[in-house]
Structures are given as C-alpha cells and as structure tokens.
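J.: This structure is in structure tokens; I'll ask about it shortly.
The values are calculated or read from the model by the stated rules, or taken from the named source; none is laboratory data. All figures in this text were calculated on a predicted structure; none of them were measured in a lab. Don't worry about glycine lacking a Cβ; one is built from the backbone with ideal geometry, like all the others, and counts go over all protein chains shown. Just so you know, the surface numbers come from the protein's heavy atoms only, side chains and all, with ligands and any DNA or RNA stripped out. Shrake-Rupley method; radii C 1.70, N 1.55, O 1.52, S 1.80 Å.
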Amino acid sequence: MTALPYQEGPWTDGHMVVCGDDGLARRLAAELRDIYRRHVVLVVPDGQAGEAGTEPAAARRPGVAPPLRELSAPAPTREALRRAGVDEAAALALLYEDDETNLRAALAARRLNPGLRLVVRMYNRKLGDHLEGLLDQAALVTASAADRTVLDASTTVLSDADTAAPALVATAIADTRKVVQADGLLLRAAERPAPGRGEVSDPGLCTLALLSSTAGDPAGAEGSDTSGSQGPELLPEDRTVQASQGRGAVVLEAVRRSGPALPPRRFARRGAPLGEVFSSRLRWAVAGVVAAVLALTATTAVLTDADPTHAAYLTLLDLFSINDPALDGSTTRQVLQLLSGLVGLALLPLLVAGGLEALGTFRASGALRRPPRGLSGHVVLLGLGKIGARVLARLREYDVPVVCVEQDPDARGIPLARDLGVPVILGDVTEDGVLDAARVHQADALLALTSSDTTNLEAVLAARALKGDLRTVLRIYDDDFATAVYRTLRSAHPDAVTRSRSVSHLAAPAFAGAMMGRQILGAIPVERKVLLFAALLVAGHPQLEGRTVAESFRPNAWRVLALDTADPAARRPDLASTPHGGEQPQLLWDLHPGYVLQPRDRVVIATTRRGLAELLAVVPGR
C-alpha cells in the first residue's frame with residue numbers, strides 16, 4: 001500500500017478533500033491525483049484507511065502523481081473536516097451514501113470555508129436543489145462580487161445514479177460503454193475501421209481520434225501515451241484524417257435505438273392497453289350479440305316492410321324489453337319480438353361480466369402489470385433500487401420496452417414502474433421461473449443492477465443458459481472485480497455481448513470535473529487514452545474568446561463541438577440532464593466554423609486531460 005498515512009499540515013496550496021464510505025470516494029481521489037495532478041486528502045470511516053488493493057498502479061510509481069493522504073474518521077464532523085484542512089482546501093467532495101450525513105457535513109464545511117467549492121453526492125434531487133441554492137447563497141454573501149460563474153461552481157449536487165445511468169442505458173441499447181449524455185441526447189464514440197481504396201467512411205458529428213496505425217504497437221494491442229507516432233491521435237486535424245492510410249477512426253454520433261415499437265398507447269396514464277381491458281372470449285360474445293341484433297334488424301325490415309331506421313328502433317325496444325307485447329301483430333312480428341327478447345337475456349350477463357372484468361383489469365393496472373403475451377425485443381431490468389430506478393426512467397425516455405424484476409415490493413423504483421405502466425415481476429431473480437416470467441428468452445438485453453454482485457452474476461449465468469446470445473450488462477461494485485467478471489464471461493461466451501460496469505468508475509469523471517469547477521459531461525476511452533467532454537463559459541479563456549470555431553480548435557488538445565443557444569438567464573445549470581416537460585433542446589451541434597465565440601457563450605468541448613488542465617490554468621480563481 002503506497003498511500004501516505006495522515007499527517008497534520010503544512011497543506012499544499014489548493015489541495016482537495018474527498019470524504020466517503022464506499023468505492024466512489026477512492027475512485028474519485030485517484031482520478032483527481034492521476035488525471036488532474038492535485039494533492040488529495042481522503043477521509044474514510046474507521047477501519048477503512050490503508051486497505052490493500054485500493055490504490056491504482058500509477059500510485060506505485062514514484063513521481064507519477066502527487067501523494068495521497070488518508071485520514072480515518074467515524075463521521076465527517078466539524079473537527080474531522082478541520083483536521084483534513086478543509087478551511088484551506090480548494091474543494092471538498094462529500095460522497096457518503098446517506099443524504100443526511102452529506103447535508104450536515106456540507107453545512108459545517110461552508111461555515112469553515114465560505115469560499116470552498118463543494119461537490120455533494122445526494123440521491124434526493126429535490127433536496128439537492130434546495131441545498132445547492134442555500135449553500136450558493138452562503139458563498140455569495142461572503143464573495144466580494146456577485147460573479148455568476150463563480151457562484152455556479154461553488155456548490156454542485158450530483159447523484160452517482162444519474163451520472164452512471166446514461167452509460168448503462170447506452171450499453172443496453174447500442175452495446176457501447178463509450179457514451180456521454182448532453183442535453184437529453186446520448187452520444188457515443190463509434191470505432192470505424194480503416195476505409196478501403198475508393199471508400200469514404202461516415203464522419204459522424206466529428207472525428208474524435210485516429211486509432212493505432214499498426215498491430216505491432218509498442219504498448220500492445222492498444223496504444224498509449226508512450227506509443228509515439230504509432231499510437232492513437234486524439235482530436236486530429238481534418239487534413240490529418242483525410243491523409244491517414246490504414247488507420248481506423250473514432251467518430252462522435254448520436255445513439256439511436258433500433259427495435260420493436262412500444263405497446264399501444266394507454267387511454268390513461270395508469271391504465272391498461274385497450275386490448276387487455278376485455279378478454280378475447282368476452283369480445284367474441286359481444287360480437288355475436290351485435291351480429292344477432294343486426295340480423296334481427298335486417299329481418300324485421302324485410303318481412304314487415306318497415307324502413308331500416310324504424311326496424312332498428314323496434315329491435316332495440318324488444319331487446320331491452322321496453323316495447324309493448326305484439327298481441328295484435330302478425331305472427332312474424334311476434335316471433336321476431338321473442339327472438340329479440342332472447343338476445344336481450346343473453347346481453348345482460350355479458351354487460352355484468354364486462355364491467356367486472358374491466359374493473360379487475362384497471363385495479364391490476366393500478367398496481368403492477370404483468371408482461372404481455374408475445375412480448376419480445378425488450379430489456380429485462382433486474383433491481384429497482386436507486387440505480388435501477390434511474391436507468392428505468394432513462395430507458396422509457398428512449399421508448400425502450402422494459403420488464404422489471406424486483407424482490408422488494410417497497411423498492412424505490414416500484415412507484416415509478418407503476419406510474420409508467422412498466423411490467424414488474426416480484427420475486428427473487430435467482431429462483432426458478434422468475435426469468436422465464438420476464439420473457440428473458442425473447443429479450444434483447446439484460447441489465448443486472450441489484451445491490452448484490454453475486455446475485456447479478458448468478459442472474460446473468462442463468463439468463464445465458466436460457467438464451468446464449470443475450471446481451472448482458474452487470475453492475476459490479478468493485479472495478480477490478482468487474483474487469484475479471486467481464487473477461488471470464490467473454491471467454492465462456494465469445495459470441496455473446498457481455499459488459500460489466502462499476503458505478504463508481506462510471507460516475508467518478510463527473511465528480512472530478514465538478515471539483516475542478518467544470519461540468520464534465522463524460523469521459524470516453526480511446527484505446528489507453530481518455531477524451532473528456534466538458535461544458536464551460538467562453539469568458540476568461542483567451543484560447544476561445546473572440547476566435548472563430550475553426551480558429552479555437554487546437555489539434556490534440558481541445559475542440560468546440562456545440563453551442564448553448566439558450567439565453568444566459570434561462571440556461572439549465574446541468575447540461576448532462578434531460579430536458580423536462582416542454583423544454584426544448586438548447587445545444588446546437590451543427591456549428592458553423594466561422595462563428596465567433598463571445599464571452600457570454602457556453603460551449604461543449606472535447607478535450608484531452610492536458611488540454612483541460614491548460615484551459616483551467618488560465619482562468620482566474622480556478
């Protein structure tokens with residue numbers, strides 16, 4: 001173990017403090033140290049400090065990254081925060097799983113250091129919005145000037161469930177982990193093979209990188225920073241892309257789902273599909289009664305010389321037994337009246353049965369729906385906890401049919417599934433018959449997102465026994481274990497798509513970007529390099545301000561991809577979120593190269609780690 005034991009200051013100017021009780025805290029500390037080269041103090045509960053195997057390999061090489069100090073504390077109290085140097089720190093991340101613990105610590109930290117940049121993990125988004133506004137106002141009171149850009153960066157409330165959900169959804173829809181979400185749009189980095197002679201590959205929204213030029217790359221099958229000219233080239237110039245021969249490319253494109261359509265629209269938000277309100281037997285019986293009424297109407301019109309309208313009127317009166325007996329009528333009229341009465345007797349129990357059946361269907365649909373017969377091409381979602389609930393909401397935003405499996409009837413996502421009309425199987429996924437009930441043998445993908453690694457692994461193995469080529473995604477707590485599971489399943493099922501995901505690994509880049517005062521929309525790996533997608537204001541960046549989009553592009557460093565077209569006063573603070581209600585997307589991706597970037601503009605850029613560090617270094621106060 002190479003992490004340094006905790007020592008009292010002196011503190012490095014602008015160090016960062018990370019407090020947490022799970023793998024996300026350690027992952028974030030490593031991200032800040034290895035990518036942004038910041039001095040970090042990690043505060044963990046008693047007994048977790050100095051755990052073996054938690055430090056990445058980069059930390060074991062002298063001189064690669066700044067040291068990481070660890071401090072044990074049972075809770076993030078005011079005294080523990082003071083010992084960690086929060087009163088002199090540049091940023092603090094509070095990553096405990098309990099929202100109340102993070103709330104109390106955030107209030108104490110703001111009192112210790114009013115100018116501290118706070119990043120708070122909180123599942124309750126409504127409470128998080130209120131907390132963010134409260135802490136921002138506290139920072140604004142002590143600020144010398146009401147600088148909106150500083151205020152926006154002073155407090156950021158994030159949820160690991162929200163930040164990890166897009167990658168999990170994209171894996172289920174498009175089989176990729178190279179995905180970011182911006183303004184409600186899922187974007188992925190798609191690898192394109194080298195075009196043949198006379199062929200032109202689709203450039204997508206833009207070309208992000210050129211892949212390694214040869215299979216004999218010094219770093220192995222995947223290129224790295226030590227690969228020289230043979231390694232991958234991030235953010236290349238257009239002429240470099242056009243001149244490249246025999247090299248694949250990574251392009252940015254929107255994720256679009258191809259699959260079966262959703263079931264018919266419901267006539268109430270909590271209602272059932274119209275075809276499920278009445279059973280097929282009842283519908284056939286009603287059709288028979290209608291046919292009999294039409295036949296009697298036609299017979300009455302022919303045999304009694306009555307016009308069709310009058311014949312229909314007489315038939316309905318006889319059907320409901322409200323017409324006078326035809327005592328003085330002809331024999332034909334009397335026979336028709338008797339037949340109409342018999343049909344009316346058959347109609348009464350049908351009306352009662354239909355009412356009872358409809359009532360039962362509506363009551364069932366108000367609780368939990370069952371998967372409809374013949375369902376196929378759907379996604380089976382295991383687990384409706386905080387991660388599963390977020391993923392379910394995102395899947396339905398993209399019109400993906402879903403069947404959920406949950407053991408706990410009081411899980412967080414059960415009310416959401418009920419409101420969305422999503423079928424739910426209540427039961428233990430490891431028991432026989434549960435996956436069959438979810439129609440997993442007809443599904444396109446399986447998302448195993450329960451809180452138990454062993455349950456997720458067992459469910460995937462059972463699902464593979466039912467459908468060998470099923471696309472599967474596992475939520476694994478530890479990133480190293482996730483890698484081992486992925487490699488094992490890939491070897492056992494080489495023809496099937498298997499992905500294992502650590503939520504802390506997926507969420508760490510967004511938390512790290514927030515601590516640096518920038519919103520990181522996502523990180524996309526390109527072989528053994530990483531591209532970051534960030535939203536930032538043009539003001540204060542001389543490399544962008546007053547330049548055209550084409551002039552601001554620096555090869556291998558950063559590239560402007562989109563412009564926020566919303567008025568500054570109406571901008572959404574979080575571009576990684578999905579627009580709500582009637583809100584319209586506000587990012588313009590088809591940006592003209594001659595557009596001059598103004599200080600008030602907010603843009604989305606693709607950048608390397610070094611490029612982002614250079615951009616951050618020139619902004620005062622960052």
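J.: I'd like the FRET efficiency for V289 and L466, computed as 1/(1 + (r/R0)^6) with the beta carbon distance as r and R0 of 41 Å, rounded to 0.05.
T.: Numbers: r = 43 Å, r/R0 = 1.06.
My answer for the efficiency is 0.40.
J.: I've got another one for you. Under a straight-distance cross-link criterion of Cα-Cα below 24 Å, which lysines are reachable from K126, leaving out those fewer than 8 residues away in the same chain?
T.: Excluding near neighbours in sequence, the set is K386.
J.: On to the next question. Working with all protein chains in place, sort W284, W558, W589 by solvent-accessible area computed with a 1.4 Å probe, largest first.
T.: Per-residue accessible area, sorted high to low, gives W284, W589, W558.
J.: Using a Förster radius of 45 Å, what is the FRET efficiency between D129 and V335 based on their Cβ-Cβ separation? Nearest 0.05, please. Before the final figure, lay out each step's value.
T.: Values: r = 75 Å, r/R0 = 1.66.
Approximately 0.05, to the nearest 0.05.
J.: Which order do you get for L208, L461, L294 if you rank them by accessible area with a 1.4 Å probe, largest at the top? Don't skip to the answer; put the middle values down first.
T.: On the way: L208 0, L461 85, L294 115 Å².
The ordering from most to least exposed comes out as L294, L461, L208.
J.: I need the phi-derived Karplus couplings for segment 34-47: 6.51 cos²θ - 1.76 cosθ + 1.60, θ = phi - 60°, integer Hz, Gly and Pro marked x.
T.: Using θ = phi - 60°, the values come out as 7, 8, 9, 6, 9, 6, 10, 10, 9, 9, 10, x, 4, x Hz.
J.: With labels modelled as points extended 7 Å from the Cα through the Cβ direction, what inter-label distance (nm, one decimal) is found for D590 paired with V352?
T.: With each label point 7 Å from Cα toward Cβ, the separation is 6.4 nm.
J.: Same structure, new question: Tell me which residues come under 5 Å, amide H to amide H, from L531 once H is placed; ignore anything under 5 positions away on its chain.
T.: Answer set, sorted by chain and number: I524, V526.
J.: Excluding ligands and nucleic acids, what accessible area in Å² is computed for H39 using a 1.4 Å probe, to the nearest 10?
T.: Per-residue accessible area (H39): approximately 70 Å².
J.: I've got another one for you. Could you name the lysines whose alpha carbon sits less than 20 Å from that of K178, not counting residues in the same chain fewer than 8 places away?
T.: Excluding near neighbours in sequence, the set is K529.
J.: With a 1.4 Å probe and all protein chains kept in place, how much accessible area does M516 have, in Å² rounded to the nearest 10?
T.: Taking all protein chains as shown, M516 has close to 20 Å².
J.: Ordering V596, V302 by accessible area with a probe of 1.4 Å, largest first, what comes out? Each step should come with its number before you reach the end.
T.: On the way: V596 60, V302 105 Å².
Listed by decreasing accessible area, they come as V302, V596.
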